[in-house]
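Encoded as structure tokens, the structure appears first; notes follow it.
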Amino acid sequence: MNDDTETTEQQPDHSRTPVLEALEHYRRSGRRPFSPPGHKGGTGVDARVALTLGPDVFASDVLALNGLDDRRMSGRVLERAEELMADAVDADRAYFSTCGSSLSVKASMLAVAGPGEQLLVARNAHKSVIAGVILAGIEPVWVRPRWDAGHHLSHPPGPEEVAEAFERAPDAKGMLLVTPTAYGTCADIARIAEVCHARGRPLIVDEAWGAHLPFHEALPSWAMDAGADLCVTSVHKMGAGLEQGSVFHLRGDLVDPAVLRLRGDLLNTTSPSVLMWAALDGWRRQMVERGRQLLDRALTWAGRVREEVAAIPGLAPLGEAELAGSGRAFAYDPLMVVIDVFGLGTSGYAAVEWLRDHHRVDLGLGDHRRVVAQLTHADTEESCVALLDALTELVKRRDSLPPPPPVRLPEPDELELEGVMLPRDAFFGPVDQVPLEDTVGRVAAEPASPYPPGVPVLCPGERINRAVMEYLRSGVEHGMYVPDPSDPELRTLRVVAR
């Protein structure tokens, strides 16, 4: 066999989908399972359930161990699919998770820092990061996001903020960065990686909103290409994965892959969803083969939507010029169409609800003055026209919309609460449940994360100030959704017992 043939055979074949192929073989083989799942290919499912979900869902919901693969996983079905994913996105290794990026980010954190150790964490991190801090007993060293006072919007921290945090905590084991945000704003990953690597520390990137970034050069840089060591992606957010389908990726030698796998196994389910694996596997093939073409189309539609929105009175699309630049974000993902509705005399909360109730248009994010329309490779002319028609009608009905709520928005320095205890100690220690207005000066024992985007305003172990208390109280009174406190209406809050 000549060298050319050997080289060709060594190239990964991205037309292959190991999980999908194994699943197809399983379904054709006529196997008789006497093992979970108990519905046994759907034969035990109530017909009314199958009518809604479809019979193929259950036919493809098979056991991974001694089902899709044998009892020793000797077919390497998952392993081969993960190898192809890693190759597709320039990572050394990739790991599929069927427990969402909430698991992936915890596994990544626990592979870098342990009980009592410090980890730099961007303060705009998702609540799953705070859960990881609590579970691991990590001492978070908060890194201040960049704050846009004009738009009252936070952006990822820059290398200067990360360097300053390392000065405060030189023993920190690494850094966890969130980029892109739910608004599509992105950090300068390459320079932040340089800051971390100069100290021999790894950079973890929670890139849940960025699974599509490796597949088009007009998009902001993907974490692996920018020098990150660990990167977490939610393929279900901007890709074509099923909900909870996530991948975490590893590159370089600052994180031990054996430790990373152990930490992931500590948290992972022993009953992974083959359906989710299959969707991840198929999405990787789709992106390698046609990703640039599909994203080209999506970027074109996003540009047209932004132009059309700019022509609608009362609406103001925010783009690169408004969101990126000195003191703001480093870059911006144009597939996140951010629209300021303040000119309509209403809030983003009210706009999201009106669009859903009156036009069956569902937006993932609305805040006190903005909505965000997320476009992906799945959007078409029809979907974009539906969005624009709904926004046009929203403007026509502006007089029927409620005025913006009088939410007490804290200043940036008021959001920087004093951490006085390890989050784990505050969360698991003795607590008092007190009225929210009596929490000023007390230490939080539970998180409070307005959703979306699910970024905690309060982390366990932080001393509560009046500005944050009033922000939460006024926000909940006017439609803010804060699902994680033990009292969902936030009339009371758990605080550390005196």
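For the reader, a short list of remarks on this structure follows.
- Ranked packing of 138-147, 58-67, most packed first, by mean Cβ within 10 Å: 138-147, 58-67
- About the Cα centre, charge dipole magnitude for region 13-66 (Lys/Arg +1, Asp/Glu -1 at Cβ), debye: 220 debye
- Segment E320-R466, extension gain: residue separation times 0.36 nm, minus the distance between their alpha carbons: 49.1 nm
- Amide H partners (placed H, <5 Å) of A228, local residues excluded: none
- Assuming charge only on the beta carbon of Lys and Arg (+1) and of Asp and Glu (-1), the dipole of region 291-400 about its Cα centre is about 160 debye to the nearest 20.
- Listed residues G54, G44, L23: farthest to the positive end of the dipole of region 13-66 (Cβ charges): G44
- Theoretical FRET efficiency, 1/(1+(r/R0)^6), r = Cβ-Cβ of A198 and F428, R0 45 Å, to 0.05: 0.80
- The helix-based estimate of mean residue ellipticity at 222 nm for the chain, built from -39,500 (n - 2.57) per DSSP H run of four or more residues and divided by its residue count, is -11500 deg cm²/dmol to the nearest 500.
- Proximity of backbone amide H atoms, modeled 1.01 Å from N, is registered between A316 and D340 at under 5 Å, excluding neighbours fewer than 5 places apart on the same chain.
- With the charge dipole of region 412-496 set up from +1 on Lys and Arg Cβ and -1 on Asp and Glu Cβ about the Cα centre, the Cα lying farthest toward the positive end among the listed residues A467, P483, P412 is that of P483.
- Whole-Hz couplings from phi, Karplus 6.51/-1.76/1.60, listed for region 237-244; x for Gly and Pro: 7, 10, x, 10, x, 6, 3, 6
- FRET efficiency for the pair E117 and E289, taken as 1/(1 + (r/R0)^6) with r the Cβ-Cβ distance and R0 = 45 Å, rounds to 0.55.
- Ranked list, fewest to most other Cβ atoms within 10 Å of each Cβ, for Y481, Y95: Y481, Y95
- Using a cut-off of 26 Å between Cα atoms, the listed pairs K237/K396; K127/K396; K40/K237; K106/K173 include K237/K396; K127/K396; K40/K237 as exceeding that distance.
- Segment E477-S15, extension gain: residue separation times 0.36 nm, minus the distance between their alpha carbons: 161.1 nm
- Base-10 log of normalised Debye intensity for region 180-247 (one unit scatterer per alpha-carbon) at q = 0.13, 0.26 Å⁻¹: -0.35, -1.15
- The separation of region 137-174 from region 385-403, counted between C-alpha centres, amounts to 38 Å.
- Rounded to the nearest 20 debye, dipole of the chain from Cβ charges on Lys, Arg, Asp, Glu: 1180 debye
- Going from the fewest other Cβ atoms within 10 Å to the most, the residues V19, V205 appear in the order V19, V205.
- Estimated FRET transfer efficiency when R0 is 30 angstrom, pair T270-A47 (beta carbons, to 0.05): 0.50
- Candidates S108, Q433, A324 compared by Cα position along the dipole of the chain: farthest toward the positive end lies Q433, with charges placed on Cβ.
- Within the chain, the selection of entire DSSP H helices by a Cα span of 24 Å or greater along the long axis and an average Kyte-Doolittle value of at least -1.0 returns 274-310.
Read the figures in this text as sums done on the coordinates, not as results from a lab. Owing to the predicted nature of the structure, the values given are computational and were not obtained by experimental measurement. Please note: Cβ atoms are built from the backbone with ideal geometry, for glycine as well, and neighbour counts cover all protein chains shown.
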